[in-house]
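The values are calculated or read from the model by the stated rules, or taken from the named source; none is laboratory data. Worth saying up front: this structure is predicted, and the values here are computed from it rather than measured. Glycine gets a Cβ as well: all are built from the backbone with ideal geometry, and neighbour counts include every protein chain shown. For the accessible areas, the whole protein counts, side chains as well, though only heavy atoms, and no ligand, DNA or RNA atoms are used. Shrake-Rupley method; radii C 1.70, N 1.55, O 1.52, S 1.80 Å.
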Protein chains: 2
Amino acid sequence: MAVTLDRAAVERVVREVLGEFRKGQDAAPPDGAASPLKVNVSARHAHLCPRDFEALFGKGARPTPLRPLYQEGHFAAAESLTIIGPKSRLITGLRILGPLREYSQVELAYTDVVLLGIEKVPVRMSGDIEGTPGVWLMGPAGMLELKRGVIRAAIHAHMSDRDAARFGVADKDIMELVVEGDAPVIFGRVHVRVDPSYKLEVHLDTDEANACHLASASRVSLRPAKGRLNVISDIINKGVRA
Amino acid sequence: MAVTLDRAAVERVVREVLGEFRKGQDAAPPDGAASPLKVNVSARHAHLCPRDFEALFGKGARPTPLRPLYQEGHFAAAESLTIIGPKSRLITGLRILGPLREYSQVELAYTDVVLLGIEKVPVRMSGDIEGTPGVWLMGPAGMLELKRGVIRAAIHAHMSDRDAARFGVADKDIMELVVEGDAPVIFGRVHVRVDPSYKLEVHLDTDEANACHLASASRVSLRPAKGRLNVISDIINKGVRA
């Protein structure tokens, strides 16, 4: 007896099969392979220095850990801010990530930048805030003009020395992130950040994750920008970071 | 005498040089080359059938051309809608594109989909709306429940038979869009749509344009998905479509 399936049924079957496929990849990596790759999506957020945190949340205030992030010691804080753009447009609920840092920095997707009307927000690595635009921040204890620190975070991969060696890359090298699925994309500039404490993790912002439809990706892999056939790590899971 | 330049000065110089470079590309293409490539960004928008347009804007109403789009005969209408998601979240000012069609369809970026809370919006070519989610639309003359028609538009390239022949592709083939700049991206699935009346144009949605920072791209090129070195058309200008 012939069986006909409508498109929705076919899509359901494909999703189920892909789900099994992903679970299968959740096992420990084969000997010699890099660690399993985690790709997390960073929604817009702020890092603050102690002085700025106190200006916004009160003297002596410190961030309250709400939930841990994938990298050891990092967390999403219970506290959030309102960010106010130059045309009085604002975004509420801007999450603060902890721990506090030596400088304050706001990481926005380009969609947020357009909504707020901030001009000339560059793509930068975290901490590289020289010459970046400022913005007003509003917290429960006060307002603060950040003189600089608004960036769009460059795509980056955290990894240990061991994973870097297996990929054949070093700190500050460039890799490519290959996303396969219904909206296939190759991100051509993934900055490598190596530290013994790092777990293998790529951070995309919401624009990047939405452009490649990460939530429905069938496979995501990281490869050195030179050496295009050297695909040695596949995604096993994905999540939203903040 | 040594001259030192800060980063902002260097960036300014680079922008100026790139501006000249782009202007240079604005000239007619060399003989045998494909037409100049235009990459336009489609913000969220709706296409409506005459019956739905009348339900929203009044009996006998027809869309008022506000400004022409790049493809002959197409236009952004003066009329816009409010789209209401399943959790009563809404987006106002959803632009209507003309002329009217035989079916109604709403094209959203994935960021819009998340904001509205609509589940399972697939990546589809325009017109392929079987099994897609519906949504409520609100206009000045009434409310309307669209039973289906919400899609995220697949990236596509309009081109004439002549341009298709020069790229070595045919209608429904897949090409790649290569975006170089400060956020380099290769979009792996660009659907080719050939018609004698089409001007060479790629449509990205706002998520895709933001992910690759299209506004600051130094070069954008289109190439067949098979035949990676066959880069035969470069961007000359970019714009926001709707």
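Assorted remarks:
- Test: residue in the stretch A:59-72 that is at pLDDT below 95, among the aliphatic types (A, V, I, L, M), outside any loop (DSSP other than H, G, I, E, B) and more than 21 Å from A:Ser221 (Cα to Cα): no
- Condition broken by A:Gln25, with the remaining ones in (1) modelled with pLDDT of 55 or more; (2) within 24 Å of the chain's Cα centre (by Cα); (3) of a type in the set (S, T, N, Q) satisfied: (1)
- Residue satisfying all of: in the stretch A:180-201; within 15 Å of the chain's Cα centre (by Cα) and of a type in the set (Val, Ile, Thr); nearest to A:Arg219 (Cα to Cα) among these: A:Val190
- The one condition in (1) farther than 24 Å from B:Val121 by Cα; (2) within 20 Å of the chain's Cα centre (by Cα); (3) of a type in the set (A, V, I, L, M, F, W, C) that B:Ala55 fails to fulfil: (2)
- Subset of the stretch A:99-118 (residues that are within 11 Å of chain B (Cβ to nearest Cβ), surrounded by fewer than 22 Cβ atoms within 10 Å (Cβ to Cβ) and either part of a strand (DSSP E or B) or not β-branched (Val, Ile, Thr) (or both)): A:Leu115
- Members of the stretch A:147-203 that are aromatic (Phe, Trp, Tyr) and open to solvent by 10 Å² or more (accessible area, probe 1.4 Å): A:Tyr198
- Residues of the stretch A:185-202 satisfying the condition of being aliphatic (A, V, I, L, M) and in a strand (DSSP E or B): A:Val185, A:Ile186, A:Val190, A:Val192, A:Val194, A:Val202
- Options B:Ile84, B:Ile96; residue that is of a type in the set (A, V, I, L, M) and open to solvent by less than 10 Å² (accessible area, probe 1.4 Å): B:Ile96
- A:Asp52 vs. criteria more than 14 Å from every other protein chain (Cβ to nearest Cβ), surrounded by 19 or more Cβ atoms within 10 Å (Cβ to Cβ) and part of a helix (DSSP H, G or I): yes
- Given (1) over 14 Å from the mean Cα position of the chain (by Cα); (2) acidic (Asp, Glu); (3) facing another protein chain (nearest Cβ under 9 Å), number of the condition B:Asp205 does not satisfy: (1)
- Count of the stretch A:119-137 residues, restricted to those that are open to solvent by 30 Å² or more (accessible area, probe 1.4 Å), closer than 24 Å to B:Thr111 by Cα and either within 13 Å of chain B (Cβ to nearest Cβ) or not in a loop (DSSP other than H, G, I, E, B) (or both), is 4.
- Filter result (within 20 Å of the chain's Cα centre (by Cα) and either part of a loop (DSSP other than H, G, I, E, B) or away from chain A (no Cβ under 14 Å) (or both)) within the stretch B:138-164: B:Gly149, B:Val150, B:Ala154, B:Ile155, B:Ala157, B:His158, B:Met159, B:Ser160, B:Asp163, B:Ala164
Conditions tested, residue by residue: (1) modelled with pLDDT of 95 or more; (2) not basic (Lys, Arg); (3) not in a loop (DSSP other than H, G, I, E, B).
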{"residue": "A:Leu204", "(1), (2), (3)": "yes, yes, yes"}
{"residue": "A:Asp207", "(1), (2), (3)": "yes, yes, yes"}
{"residue": "A:Ala215", "(1), (2), (3)": "no, yes, yes"}
{"residue": "A:Arg223", "(1), (2), (3)": "no, no, yes"}
{"residue": "A:Leu229", "(1), (2), (3)": "no, yes, no"}
{"residue": "A:Ile235", "(1), (2), (3)": "no, yes, yes"}
{"residue": "A:Gly239", "(1), (2), (3)": "no, yes, yes"}
